[in-house]
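A.B. asks: This structure is in structure tokens; I'll ask about it shortly.
Values quoted throughout were computed directly from the atomic coordinates according to the rules given, and no laboratory measurement underlies them. The model shown is predicted, which means the values in this text are computed figures rather than measured ones. Note: ideal-geometry Cβ built from the backbone for every residue, glycine included; neighbour counts use all protein chains shown.
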Amino acid sequence: MNSSRHPFRQSVRPLVGVPSVRPLALPAILCWAMAQPTFAQRAPAARATPLEAGIDKLATHSTLASAFAALERDNAWTLEQQVALCEIPAPPFKEQARAAAYARMFRELGVQQVRIDPEGNVIGEIRGVRPGPTLLLEGHLDTVFPEGTNVKVTRTGTKFDGPGIGDDCRGLAVVLAVARQVITQKIPFAGRLLVAGNVGEEGPGNLRGTRAIFASPLKDSINLFISVDGTGYGITNGGVGSNRYRVHYKGPGGHSYGAFGMPNPMHAMGRAIAKIADLEASTTPKVTFNVGIVSGGTSVNSIPFEATMDVDLRSETAAALAEIDGRLMKALHAAVAEEKARWPKSTAALSVVIDTIGLRPAGTTPDSSLIVRTSLAAARTMNIYAPLQISSTDANVPMALGVPAVTLDGGGLGRGAHSLDESYDDRTDGFKGPQYVLLVVMGLLGVK
Ligand SMILES: [Zn+2]
């Protein structure tokens, strides 16, 4: 394999460039491959921009070329870390055991100043050879799975099954694999690479880990932010904001027959849900609403004293989110008024209490920003298709603060994130995930 100079281009370039090969003469599998976006992306070859040419050149730097080869050769190591981390439970707010293991892994690689901050984030650093920007590269430690979930990973060929194996044990493993190569290949980069495993990315965590980092003294020195979260290839540069509430309808409750005639908190909540279901929501910008959990009541023949629901609102713009939030609040209060009006003779109280369980800021890193253009250029160099996406990730926090931030997927093929059937398939080219992240990171920091 002549991969030392152009490590990513072995099989694709010659096909595109050889005029005597007519598509009809190609085996079916190659025709199929050429029809896929990843392959079609570069044919006909567009003239490279200066940034793209720079990333092409960077990929041939001797230390990076060695790193790319090592990531492919030592792919089993990356997968071992991914499985080992996944088998340590990390429910929301209970990431300590996995954090301790991750800190140990960083130390074993030679990452400097590894510490666990007061919020529970594992942070370490790798210093470059000359002054330059500081880039924070993180994956999230937490899962959505409660304590007691069986997190054992089973392997079938290149496919791994286990809750959290993709989201985000893949990200954690990619960050480790990148750190390992930066250190062992002695890549002469500028600035400082902070590597982290952060807590609290998933729902109830409300981005608390990344928020804590950006509320700490570190925040003033972070110039660039990359979270590795998820599988496949994608560049998330739009941060979906969300407002999440736990809504309680409360009253005295009573016997369903004997006390009949008083406002019923469950019925009030039903009215509220009907109003929420009928909310108008725009598609541009995208706005969504969801009642995700309902609970309450004690028995079929009791008027409940409490009914509770969790509501999630989301949008990619702060203005649209604020707008639908206003309509939700109106609906929640109107439901109380209507349920009371249904029983005008009753003096029983009925109230609504709204607890905020999550506020995630909306934000965007512009398509024209250097971090997005570098991420796209690295995908072009590697001949992978990495579309721009909008999602809700740790990058929301720096985006909302105006710090250039993206979330990159970690390669491979993931299925069933947030479900007990979650799987990750490394297929034949999972190693391209860490290769891609390494190229983006070094493209941003700069290599001598
Ligand atoms: Zn995730």
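A.B. asks: Can you list the lysines whose alpha carbon is less than 29 Å from that of LYS345, not counting same-chain residues fewer than 8 positions off?
C.D. replies: The qualifying lysines are LYS250, LYS275, LYS330.
A.B. asks: Picking from THR154, ALA190, ALA179, whose Cα lies most toward the positive end of the charge dipole for segment 129-202 (charges on Cβ: Lys, Arg +1; Asp, Glu -1)?
C.D. replies: Farthest along the dipole direction, towards plus: ALA190.
A.B. asks: Which value, in debye to the nearest 20, describes the size of the charge dipole of the chain about its Cα centre when Lys and Arg Cβ atoms bear +1, Asp and Glu Cβ atoms bear -1, and nothing else is charged? The partial results should precede the final answer.
C.D. replies: Numbers: 44 positive and 40 negative charges, 210 e Å.
With Lys and Arg at +1 and Asp and Glu at -1, about 1000 debye.
A.B. asks: Ignoring the sites themselves, what is the longest stretch of the chain with no chymotrypsin sites (Phe, Trp or Tyr not before Pro) in a DSSP loop and at most 12 other beta-carbon atoms within 10 Å? Walk me through the intermediate numbers first.
C.D. replies: Values: sites that count: TYR257, PHE260.
Between exposed loop sites, the widest span is 1-256.
A.B. asks: Search the structure for amide H atoms under 5 Å from the amide H of VAL287, placed 1.01 Å from N in the peptide plane, and list their residues when 5 or more places away or on another chain.
C.D. replies: Residues meeting the amide H criterion: SER282.
A.B. asks: What's the long-distance tail for segment 226-314, i.e. % of Cα pairs beyond 24 Å?
C.D. replies: Working: 1649 of 3916 pairs.
Value for segment 226-314: 42 percent of Cα pairs lie more than 24 Å apart.
A.B. asks: Mind putting together the pair-distance distribution for segment 49-201? All Cα pairs, 5 Å bins, whole percent per bin, short to long.
C.D. replies: All Cα pairs, binned at 5 Å, distribute as 2, 10, 17, 20, 18, 14, 10, 6, 3, 1, 0 percent.
A.B. asks: Along the Cα→Cβ direction, 7 angstrom out, place labels at GLN96 and THR347. What is the inter-label distance in nm?
C.D. replies: Label-label distance for GLN96 and THR347, simple model: 5.2 nm.
A.B. asks: How many nm separate the modelled label positions at THR60 and ARG127, each set 7 Å beyond the Cα in the direction of the Cβ?
C.D. replies: Computed distance between label sites THR60 and ARG127 equals 3.3 nm.
A.B. asks: So what's the Cα pair-distance distribution over the chain, bin width 20 Å, in %?
C.D. replies: Binned Cα distances yield the sequence 23, 48, 22, 6, 0.
A.B. asks: Continuing with the same structure: HN-Hα J couplings of segment 284-289 from phi, Karplus 6.51/-1.76/1.60, θ = phi - 60°, integer Hz, Gly and Pro as x?
C.D. replies: 10, x, 5, 10, 9, 9
A.B. asks: Arrange the following residues from fewest to most other Cβ atoms within 10 Å of their Cβ: CYS169, CYS86. Walk me through the intermediate numbers first.
C.D. replies: Details: CYS169 32, CYS86 27.
Result, fewest neighbours first: CYS86, CYS169.
A.B. asks: Post the alpha-carbon centroid distance, segment 288-342 to segment 380-448, in whole angstrom.
C.D. replies: 35
A.B. asks: Which residues make up the longest stretch of the chain clear of GluC sites (Glu not before Pro) that lie in a DSSP loop with no more than 13 other Cβ atoms within 10 Å, not counting the sites?
C.D. replies: Between the exposed loop sites, the longest stretch runs 281-448.
A.B. asks: Quote the charge dipole size of segment 162-220 about the Cα centre in Debye, to the nearest 20; the model charges only the Cβ of Lys and Arg (+1) and of Asp and Glu (-1). Display every interim value, and only then the final one.
C.D. replies: Details: 7 positive and 5 negative charges, 58 e Å.
For segment 162-220, the charge dipole is close to 280 debye.
A.B. asks: Using unit Cβ charges (K, R positive; D, E negative) and no other charged atoms, how large, in debye to the nearest 20, is the dipole of segment 245-327 about its Cα centre? Don't skip to the end; give the middle numbers.
C.D. replies: Values: 7 positive and 8 negative charges, 38 e Å.
With Lys and Arg at +1 and Asp and Glu at -1, about 180 debye.
A.B. asks: Looking at ALA53, ILE88, GLN112, which one has the Cα that reaches farthest to the positive end of the dipole of segment 41-124 (charges on Cβ: Lys, Arg +1; Asp, Glu -1)?
C.D. replies: Value: ALA53.
A.B. asks: Follow-up. With a ≥ b ≥ c the root eigenvalues of the C-alpha gyration tensor of segment 165-208, is it rounded (a/c under 1.5), prolate (a/b larger than b/c) or oblate? Don't skip to the end; give the middle numbers.
C.D. replies: Working: a/c = 4.99, a/b = 1.98, b/c = 2.52.
In terms of gyration-tensor shape, oblate.
A.B. asks: Oh, and also: In square nanometres and to one decimal, what's the mean projected area of the convex hull around the Cα atoms of segment 235-283? Could the numbers behind the result be given before it?
C.D. replies: On the way: hull surface 22.2 nm².
Approximately 5.6 nm², given one-decimal rounding.
A.B. asks: Still on this model: Of LEU321, LEU413, how do they rank once you tally other Cβ atoms within 10 Å and put the fewest first? Walk me through the intermediate numbers first.
C.D. replies: Details: LEU321 24, LEU413 16.
Lowest to highest Cβ neighbour count: LEU413, LEU321.
A.B. asks: Residue farthest toward the positive end of the dipole of the chain, with Cβ of Lys/Arg at +1 and Asp/Glu at -1: which of THR143, TRP343, LEU218?
C.D. replies: LEU218
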